[in-house]
Every structure is written in C-alpha cells, then in structure tokens.
1. Around Gly89, under 14 Å between beta carbons, what's the net of Lys plus Arg minus Asp minus Glu among the other residues?
2. Which value, in Å² rounded to 10, gives the accessible area of Lys346 with a 1.4 Å probe and all protein chains present?
3. Where Lys and Arg each count +1 and Asp and Glu each count -1, what net charge lies around Asn116 among other residues with Cβ under 15 Å from its Cβ?
4. Need one word for the chain: rounded, prolate or oblate. Basis is the Cα gyration tensor (sqrt eigenvalues a ≥ b ≥ c); a/c below 1.5 gives rounded, then a/b vs b/c decides.
5. Go through 260-268, 82-90 and give me the packing order, highest mean Cβ count within 10 Å leading.
6. Measure off 7 Å from each Cα along the Cα-to-Cβ vector at Arg401 and Asn171, then give the distance between these two points in nanometres to one decimal.
7. Quick one: compute the contact order of the chain, relative version, from alpha carbon pairs under 8 angstrom and 6+ residues apart, as a percent.
8. I want the local charge near Ala256. Using Cβ-Cβ distances under 15 Å, sum +1 for each Lys or Arg and -1 for each Asp or Glu among the other residues.
Amino acid sequence: MKIKHRGHLGFVVVVCAILFAGNLFAANMIGAGTVDRQYLAVDTNFYNVNMASLFDNLYDRAAMADPAVADAHMAALAARGFDIVVYSGRHFRINHIEEWPQIASNAAVIATACHNNGLKLIEHHELTIPMGKANQFFLDHIDWMQKDIRTGAPWRWICPDNDDFIGYYSNYVQNLQSISGVDGYMLDELSLAGENACGCDYTRQSYETAVGEAMGYETGEEGSVEQRNAARFRSFIKPKAQSKLLKAVRQVNPDATFPTYISDFSDPTLAARGGNLANEAAYFSSFVGWEVMAADCFAGWRPWVRFGKMRAAMGNYYGIPMWSYNREQSSKEGAYFAWALSQCVKNAVWLAPRVIDNGDWAAYIDTFLQWGDTMPFQHARCLTDTGFMLSNQTRFTDYSREFFWLDAMGWADMLLEEDRQFDVLFDGDTEKSGRLGKYNVVVLVGQAAMSEA
C-alpha cells in the first residue's frame, strides 16, 4: 500500500495494488472520463416508487385483455402501494410478428387500466434475437445480423449499430406507442453478443469514423490500446441506438422514459460486450437499475450493498432515480431484507411476480410497500468522509476480473464488514472542481488509467 499526502487538497489518497498497463488512454480517446448527462428532463416522480412485474417474460399477454379484469387488477396493485407496472410477455418480439396488432391492443387495455388507477406502465420486450418462427426473418435480413470480427460469420443477434434495423425498430415502437399509450419502454438485449462482435459492415464503418483507423479482425491483445479502443467504441453502440429509439417514441409521447439496467456495472467482463451503464445514464435513461440475482441476500448482503452503492453513486452523479429488481428472493423475510437494503442505498424496488403474487407473503410485503417518502431518495446522501474510486477508464483497460476488479470488490467488502461507510466515485468526480471537498480519504484500488485532470 502507498499513502500519498495531498495537504493542499485537504485529503489523503490511499492507493492499493496499483497497476500500470503501459499505454494509458489519453483524455481525447474514445469514452475517456465520465460523459455528462445529455438530456434535460428527469421525471422526479420516479424516486421512491414501488414497481410490480405484471407477467413473466414468456407469458402470452392474453390474461388481462378484458378491461374489467385489467382495471380490477391495477386497482388492487395501486391499493397495495405500487406506482409502476412493468408489462412483460411475448418477450422475443421478433418471433411474434403476426401477433403485433393483438399485442398492441392488449397493451392499450393494460395502459388504460393503469392510468385509471394512477399507475405508470413500462412496456418490456426485446426485438433483436430471431429464432423459431423468425428463422425466415433471420435469412431475409442476414445483413442486419452481428458478425464475428474474426471470421465474418453471422450471429443470430441483430446489430444495434445497423441504421436500417434501428429505422425498422423505430417504426415498430412508434406504432406500438400510438396504439397503446404506455409511459415508457425497457428494451432488452439491444446490445452486442460478445467480445468478438460486431464485425458487420455497418459497425466497421462506424468504428473507422470514430477511431480514425480500420477495425482489424482481432480486437487486440489483452490490455492493448487496440482492445481499449474497441471496448470503448462498443460502449457507445447501445446508448446511440437507444437514443434514436427514444427520439422516435417521443415524437408520439414526449414524456416517455426508457428504464435500463446492467446486473453488475463494475464487472470488466461486461466491457467486452460494450456494457457501460454510465453511458446509458448519460445518453438516454433517466431511470437506471440492476437485476439482483441473489436468492438469499442475508448471506450475500456485502456484495448487495456494494452494488447498491454503485447505483446510488450513479444516481447522485447524474441526478436521476435508481432501482433494484429483487426477483429471486426465496423467503418473505429475504424479500423484506432486500427491500430494506434498497432503502439504504436509495434504490426504488421492483418486485417479481413470485414475490407479489405469493398469497402467504402478500400481507407481510404490503406492510413495507406503504413506507413511502419517509426518506426522500432525491436528496438523501450517505454520511461519510470516505470516497471509493470506481474508474470506468480502468474498467475498460482490460477485460479480466483479475486486473483490478477482485481487489476493488475485496476492499469494498472489507470496508462494509468493518462498518466504514463510503461513497463510490466515478472518473468525473475527480475531474470536476468541488466534487472531492466532502472527503478526508479517497481510496484508489488498482487504478491504471486516470486522466491528467
């Protein structure tokens, strides 16, 4: 460990297991630093909300096509303390083209029932993975598919960097919006299939325009500038695509919102697929969260709080509300503890059908859904003098968890175990004046790429 005293700034920087990668990214390279929020409006009504899943992803959506049934169900959810309904079902939407008119009309029934009972409705689906009944669509649109950078072979996953596809998707969501009147969209799987995607002609041209050189057949060796260029370039593909789709939807509904999530924002292995929740918060999503896969948060409370703090930091940095999808809890006490941990890190709660619809749990769960605005998340801050750096620049330096992630997560868990509160910080917090004045200590674990600022 190295301790460097910075008297003129009034804090101590603790540097742990410092790693240098040889060629550090300059500030003018792709994705350096933290992108500021690119949109103006943030709906503050999304703070302190309870979200309910209406169906599981593969449901056929026909169960509430009757307006009376839908209205009764939404009235019951509103009475229990829910504010938002996430409407899933027929998830792999490209496989059900023949059902699109019925899907839209059913959504209109649900949206009307929600709005009659003071609820917002979020439409949840994906449109990028053709399979089964969509085999012919796959063959007819082979040029839309992602391609392996090394071999040029097509993947069964549409490229989000393809403007023709985004135009097709824009037309779909505009039509769906016109008929349904929903309040927002959670668009899954609009991403890259892996670290060797995408090598299609569209993405190669975009890469050459952004980076200034042709994309090679390989993304570069681990930790190389070529790999970092490729990783950071890919981290803008989904935000760019979603921004275009949001613009299309807002031509019909100017107030539409696009919630989004990544299960573990800090994990560098997601950088290989272009996963960058910070860019998504900056470019299109004013309601960002994470999908908690732990079935027992009693045993895993340290990583749960650690990840929650990362989301809280993103909410603080961008001035947006955050949420946690607590979908796998195996007991009503676990569901309660997950809810309580969410409040500690100012995350709204999204509950799965298995939690909401379990008759034995309902009365127990309802007691805490009514908690309301006791601690208004928008203005809540952690009382601490310790900052903990999670550098996105370092995260995109190398895809391996062993590069910095294991050390950083271990240090965070150690601080939590010892009841030492901390704020997670981003690159942008170090680059803007006034952001560090709160802290007496800033912990830097495995930092390998920091800007001159």
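The values are calculated or read from the model by the stated rules, or taken from the named source; none is laboratory data. Just so it is clear, the structure is predicted and the values come from calculations on it, not from any experiment. Here the Cβ positions follow ideal geometry from the backbone for every residue, glycine too, while neighbour counts run over all protein chains shown. What goes into the accessible areas is simple: the full protein's heavy atoms, side chains included, and nothing from ligands, DNA or RNA. Shrake-Rupley method; radii C 1.70, N 1.55, O 1.52, S 1.80 Å.
1. -3
2. Probe radius 1.4 Å; accessible area of Lys346 about 20 Å².
3. Its environment carries a net charge of -3.
4. Taking the square roots of the gyration eigenvalues as a ≥ b ≥ c, the chain is oblate.
5. On the way: 260-268: 20.3, 82-90: 22.4.
Most protected by this proxy first, the peptides run 82-90, 260-268.
6. 4.4
7. In percent, rounded to a whole number, it is 21.
8. Working: positive: Lys120, Lys244, Lys247, Arg250; negative: Asp43, Glu123, Asp183, Asp255.
For residues surrounding Ala256, the net value is 0.
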